[in-house]
Amino acid sequence: MQNKLKEVINILQQANYIVAFTGAGISAESGIPTFRGKGGIWDKYDPIILEIDYFKNNPDKAWPHIKDMFYNVIDKAQPNPAHFVLSDWEKQGKLKAVITQNIDNLHQKAGSQNVIEFHGNTRNLICMQCQKITPVAQADMTQNPVICPHCGGLLKPDFVFFGEPIPPKAYQDAFAHTLQSDVYLVIGTTGIIMPASLLPYEARKNGAHIIEINVSPSNYTHSINPYFLQGKASKVLSELNQKLNGH
Ligand code: APR
């Protein structure tokens with residue numbers, strides 16, 4: 001086994017407070033396109049669709065694309081081995097939290113309990129008039145735009161649009177877990193979008209070991225000196241799990 005891998009296994013074995021920070025790359029093998037890179041969402045759609053002011057002023061233009069980008073893809077997607085390994089490590093008491101930029105609910109579907117959704121979720125919609133929350137399952141998603149069943153106002157996905165703040169509780173919890181971590185897994189993220197992308201830097205500053213899993217280098221790879229394990233998240237995490245738990 002290469003020395004680096006031996007070191008990583010040793011770090012994981014000694015860890016007291018592992019936190020996983022995940023991006024779109026962990027769900028790529030579940031059939032959910034990433035945002036950037038070949039065939040990414042931003043190759044097909046203009047990010048303006050997810051600008052909050054554009055959405056407010058052009059809901060009938062934005063909603064059809066949002067359904068294609070997310071709702072029509074996510075409900076068919078299933079967790080892949082990467083999600084299940086993180087869920088197993090939580091059950092073993094090794095991994096304390098998953099902080100995810102993803103809105104696909106796959107960590108929860110894989111059984112992870114402590115999931116901090118830094119960018120919200122696709123399970124619910126929120127009314128821009130009465131603020132009431134409507135689960136997607138109870139909304140009429142055939143409408144364009146999708147309307148609040150309570151007041152007839154415009155419904156917006158309950159995930160963070162560009163120009164919107166991060167949900168305060170998610171922000172606080174994410175930073176709190178990050179500052180308690182002694183091992184920080186950075187999985188499948190370019191590290192471009194603030195303030196989420198600050199979290200691994202905070203972990204590093206706080207002395208955590210950074211283990212990055214990605215198919216290609218990211219903003220972190222040459223800046224916070226991680227143990228960089230190049231490869232698909234499901235393959236790398238399954239191998240680490242095999243070496244840690246012998247199965
Ligand atoms: N295994 C591991 N990493 C992968 C895999 C894979 N199978 N496939 C792709 N990747 C990596 C890519 O190399 C890239 O670094 O996943 C990352 C995907 O990057 P982005 O698409 O930019 O996703 P992410 O970093 O999560 O984007 C952050 O940007 O548009 C916003 O709000 C959106 O949450 C999103 C944020």
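The values are calculated or read from the model by the stated rules, or taken from the named source; none is laboratory data. These numbers were taken from a predicted model, which means no experiment stands behind them. Every residue, glycine among them, receives a Cβ derived from its backbone with ideal geometry; neighbour counts consider all protein chains shown. The protein model used for the area step is the full one, side chains on, heavy atoms only, and it has no ligands, DNA or RNA in it. Shrake-Rupley method; radii C 1.70, N 1.55, O 1.52, S 1.80 Å.
Tell me which residues, restricted to the range 97-120, are crowded, with 18+ Cβ neighbours inside 10 Å and either in a helix (DSSP H, G or I) or more than 12 Å from the ligand (Cβ to nearest atom) (or both).
A97, V98, N105, L106, H107, Q108, A110, S112, V115, I116
Out of G31, G39, report the one residue that is on the phi > 0 side of the Ramachandran plot, surrounded by fewer than 21 Cβ atoms within 10 Å (Cβ to Cβ) and at pLDDT 95 or above.
Answer to the check: G31.
So, in the range 214-234, of the ones that are crowded, with 16+ Cβ neighbours inside 10 Å and free of Cβ contacts under 8 Å to residues at least 40 places away in the same chain, which residue ends up nearest to P81 (Cα to Cα)?
So the residue we want is F228.
Quick check on the range 15-37. Is at least one of its residues part of a helix (DSSP H, G or I) and of a type in the set (K, R)?
no
Determine which member of the set K56, K61, K44 is in contact with a Lys or Arg (Cβ under 9 Å, 6 or more places away or on another chain) and either over 22 Å from P217 (Cα atoms) or free of Cβ contacts under 8 Å to residues at least 24 places away in the same chain (or both).
That would be K56, the only listed residue that is in contact with a Lys or Arg (Cβ under 9 Å, 6 or more places away or on another chain) and either over 22 Å from P217 (Cα atoms) or free of Cβ contacts under 8 Å to residues at least 24 places away in the same chain (or both).
Would you tally the residues in the range 1-28 being more than 7 Å from the ligand (Cβ to nearest atom), touching a helix residue (DSSP H, G or I) at 6+ places or on another chain (Cβ under 9 Å) and open to solvent by less than 60 Å² (accessible area, probe 1.4 Å)?
The total comes to 11.
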